[in-house]
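The values are calculated or read from the model by the stated rules, or taken from the named source; none is laboratory data. Fair warning: this is a prediction, and the values are worked out from it, not measured in the lab. All Cβ positions, even for glycine, are placed from backbone atoms using ideal geometry, and neighbour counts span all protein chains on display. All accessible areas refer to the heavy atoms of the entire protein, side chains included, with ligands and DNA or RNA removed. Shrake-Rupley method; radii C 1.70, N 1.55, O 1.52, S 1.80 Å.
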Amino acid sequence: SLAVAGLDMVIALLSYRIQLQLTQSCADSLRCDLMEGILRQPVSSFSGRDVTGYISLFNNDINRLKDIYFSSVFNIYQGLWSFILSMAALLYFSPWMGVFLFAVGLVSINLPSLFTKTLHRKQEEQMKNAEQHISLLHDIFCGYWIIKNHVAERFFRDQYHRMSGKLAQADFQGE
């Protein structure tokens, strides 16, 4: 039963890490694709929308997708594996083992509270990178006409790609 409980924890940890990597990778890809599309559009199309609308796309909408859609899908997958292993253990051993597995499950749920200090530090770093991301977005969108007139799209696109990757890495470590 300890082996089954350990296997359940390992699968949960692996599932969580894979979830974070895929979620951050998708968010990074979405942000970069959004920036590519915005920098490709003509100035006349850009001027029809407020800068805060663009910034909202990068922050609110992408974060909402990460928090609601991706997390829900992966949590279902992780829960399914945990349920299957628990049921297999219960059927194989005995119903009394269910009480033991329940206790181990409670411990594994409360285990992350031991790492709150490290998590807090990582989340502060994540917030700092998010602020830098917003600042860069603001600079790009407020200076959009200057960027287009001086044909500096490549420079700002590359700068944005680096910042987006840095934000994705900070988000991954902060989760």
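For this structure, a couple of remarks:
- Residues being open to solvent by 70 Å² or more (accessible area, probe 1.4 Å), within 17 Å of Q173 (Cβ to Cβ) and modelled with pLDDT under 75 - total across region 113-123: 5
- Considering only residues in region 95-107 that are surrounded by 12 or more Cβ atoms within 10 Å (Cβ to Cβ) and not aromatic (F, W, Y), the one that is modelled with the highest pLDDT turns out to be V104.
- Cβ-Cβ contacts under 7 Å between residues 6 or more apart (or on different chains), taken from a first residue in region 150-166 that is under 16 Å from S25 (Cβ atoms) and among the basic types (K, R) to a second residue that is open to solvent by less than 60 Å² (accessible area, probe 1.4 Å) and in a helix (DSSP H, G or I), are listed as K166/N129.
- Looking only at region 23-56, and only at residues there that are of a type in the set (D, E, K, R) and modelled with pLDDT of 80 or more, the one that is nearest to the chain's Cα centre (by Cα): D28
- From the list N110, N59, N149, N129, the lone residue that is at pLDDT 75 or above, out of contact with any helix residue (DSSP H, G or I) (no Cβ under 8 Å at 6 or more places or on another chain) and among the polar types (S, T, N, Q) is N149.
- Within region 1-21, restricting attention to residues that are among the aliphatic types (A, V, I, L, M) and in contact with a Phe, Trp or Tyr (Cβ under 7 Å, 6 or more places away or on another chain), the residue that is nearest to R162 (Cα to Cα) is L20.
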